[in-house]
1. Expressed as a rounded percentage, what relative contact order does the chain have, with Cα pairs under 8 Å and six or more residues apart?
2. Could you line up 60, 141 from fewest to most neighbouring Cβ atoms inside 10 Å?
3. I need the calculated FRET efficiency for the pair residue 99 and residue 73, taking r as the beta carbon distance and R₀ as 22 Å, to the nearest 0.05.
4. Starting from a Cα-only point model with no solvent, please compute log10 I(q)/I(0) by Debye for the stretch 72-151 at q = 0.22 1/Å.
5. Taking 2.2 N^0.38 Å as the expected size of a compact globular protein, what ratio does the Cα radius of gyration of the stretch 99-142 give against it, to two decimals?
6. Over all pairs of distinct alpha carbons, what does the Kirkwood formula give as the hydrodynamic radius of the chain, in Å?
7. Round to the nearest 0.05 the FRET efficiency obtained for residue 108 and residue 23 when R0 = 22 Å and r is the Cβ-Cβ distance.
8. By count of other Cβ within 10 Å, fewest leading, how are 78, 24, 33 ordered?
């Protein structure tokens with residue numbers, strides 16, 4: 001359980017965040033993917049978040065994070081993408097993240113299944129593309145995908 005805040009203030013704020021490389025290009029290579037995930041986790045932790053698990057494949061990442069009540073998701077994602085894109089560009093000069101992201105709130109009882117889902121990304125993407133996955137996640141969370149971004 002996450003506990004952030006002052007005495008007598010207790011929070012359990014988990015968010016599943018997903019973002020992709022520019023044009024979903026397969027730029028996150030096997031030989032440095034885990035290092036990228038570790039770097040992203042370190043960046044989140046440096047901003048006082050709690051990186052629970054990070055996973056993904058060649059064109060996107062999934063992050064399960066515990067937030068403080070003072071965090072703004074947009075700021076956290078922006079700073080994480082900025083720092084990690086600089087790090088990744090040193091390994092792949094064409095590297096860039098897409099502008100947007102998806103973020104889904106979770107209850108504490110949802111954390112184990114999302115942990116397993118993120119840990120199983122390689123096997124999952126043998127069956128489903130990243131675009132199909134995102135569309136499914138959006139619908140699962142009651143968000144209608146904008147067809148302009150799913151061509």
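A short reminder: the numbers here are calculations on the coordinates, not readings from a lab. Owing to the predicted nature of the structure, the values given are computational and were not obtained by experimental measurement. Reconstructed Cβ throughout: ideal geometry from the backbone, glycine too, with neighbour counts over all protein chains shown.
1. Values: 200 pairs, mean separation 45.4, N = 151.
Relative contact order for the chain comes out at 30 percent.
2. Least to most surrounded, the residues fall as 141, 60.
3. For R0 = 22 Å, the calculated efficiency reads 0.90.
4. -1.35
5. Normalised Cα radius of gyration, the stretch 99-142: 1.21.
6. 16.0 Å is the Kirkwood radius here.
7. My answer for the efficiency is 0.05.
8. Listing 78, 24, 33 from fewest to most nearby Cβ atoms yields 78, 24, 33.
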